[in-house]
1. Does the range 122-136 include one or more residues that are touching a residue at least 12 places away in the same chain (Cβ under 8 Å), over 14 Å from the mean Cα position of the chain (by Cα) and within 30 Å of P245 (Cα to Cα)?
2. Against the condition modelled with pLDDT under 95 and of a type outside the set (F, W, Y), how does S10 come out, does it pass?
3. I'd like the full set of residues that are among the hydrophobic types (A, V, I, L, M, F, W, C) and at pLDDT 95 or above, limited to the range 18-51.
4. Among the candidates V135, V145, V153, V170, single out the residue that is β-branched (V, I, T), touching a Pro at 6+ places or on another chain (Cβ under 9 Å) and farther than 23 Å from I34 by Cβ.
5. Given the conditions (1) surrounded by 14 or more Cβ atoms within 10 Å (Cβ to Cβ); (2) modelled with pLDDT under 95, which single one is not true for E150?
6. The conditions are (1) farther than 24 Å from V153 by Cβ; (2) not in a strand (DSSP E or B), and G227 fails exactly one of them. Which is it?
7. Would you check which residues across the range 71-85 are under 17 Å from the mean Cα position of the chain (by Cα) and either surrounded by fewer than 18 Cβ atoms within 10 Å (Cβ to Cβ) or charged (D, E, K, R) (or both) and list them?
8. Kindly indicate whether any position in the range 112-120 is surrounded by 15 or more Cβ atoms within 10 Å (Cβ to Cβ), of a type in the set (V, I, T) and more than 16 Å from the chain's Cα centre (by Cα).
Amino acid sequence: MLKHTCTTLSITVCLTALCSSAVAQDGTSLEGFIAGGVASRPDFEGSDDYELAPLVSAKIAAGSYVLEALGDDLQLNVSPFERLEFGPALSLRSGRDNEIENETIARMREIDDAVEAGAFAKLSFPSMLRDGDEVSLNIKWLGDVSDTYEGSVATFGISYNVPVTRRFTVGASASTHFASEEYNQTYFGVDAENAALSGLDLYEAGSGIKDAGLTLSGRYMLTDRIGLVGFAGYKAMLGDAADSPIISQQGNDAQIRVGFGLGYRF
């Protein structure tokens, strides 16, 4: 996670620098919010053990272009429309190695880190319940471009953000992921080699919805520039993922993530 988060931060900084250079030439202002902190997450998907990891969050706008980064995910809005966003997306997915705490899973064949690329779309509905709030429908598709699992994952979600006061904003989002057979078999399947290494039963995972989750987030601005950010998320593993002995016998189908950080608005 540290390597991935640092890579994401490096890409964000580089793209921000490029945006700054570009907007400086046409007079367009560059504005946004960047935050860093610490998060707690499972040490592999479906794990019952947790690890601390750096938290990086950023949203940087240059005219109609908006770059967003959260953890290991990046996306760039290139839409000219006000309520409809779309553009390329990139994600760096952590693998699974022998340094995890679960000794049984650690004996299994290692899974390399994966690079995923694809696209996203977001449709927003402002001021649905009160002035300043926003409801958004989101969809994203990512495919493995690193030959780690050679499959894809699609995300479907809905989010709601509302300013409680001038300084305090809260949000809630719900999402689910549909994973290809290649993804599920790589991360949740147990083939003959892994069964011999770990002692787990053979298990073949097919495609389908692998999880559903809810995340609550908040931002409180201490000053006009500096603010506190935090989030807490719960994800339930479903389908063939939850039925895998990796999760049902050695892990946990309830996955929790929390994070807290300090941000700067410019």
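1. no
2. Working: modelled with pLDDT under 95: yes; of a type outside the set (F, W, Y): yes.
Against the criterion (modelled with pLDDT under 95 and of a type outside the set (F, W, Y)), S10 qualifies.
3. Here is the first cut: in the range 18-51, the ones among the hydrophobic types (A, V, I, L, M, F, W, C) are 18-19, 22-24, 30, 33-35, 38-39, 44.
Hits for the range 18-51 are F33, I34, A35, V38, A39, F44.
4. Step by step, each of V135, V145, V153, V170 is checked, and only V135 is β-branched (V, I, T), touching a Pro at 6+ places or on another chain (Cβ under 9 Å) and farther than 23 Å from I34 by Cβ.
5. All conditions pass for E150, except number (2).
6. (2)
7. D72, D73
8. Scanning the range 112-120 turns up no residue that is surrounded by 15 or more Cβ atoms within 10 Å (Cβ to Cβ), of a type in the set (V, I, T) and more than 16 Å from the chain's Cα centre (by Cα).
The values are calculated or read from the model by the stated rules, or taken from the named source; none is laboratory data. Computed from a predicted structure; not experimentally measured. Because the Cβ atoms are built from the backbone with ideal geometry, glycine has one as well, and the counts that use them run over all protein chains shown.
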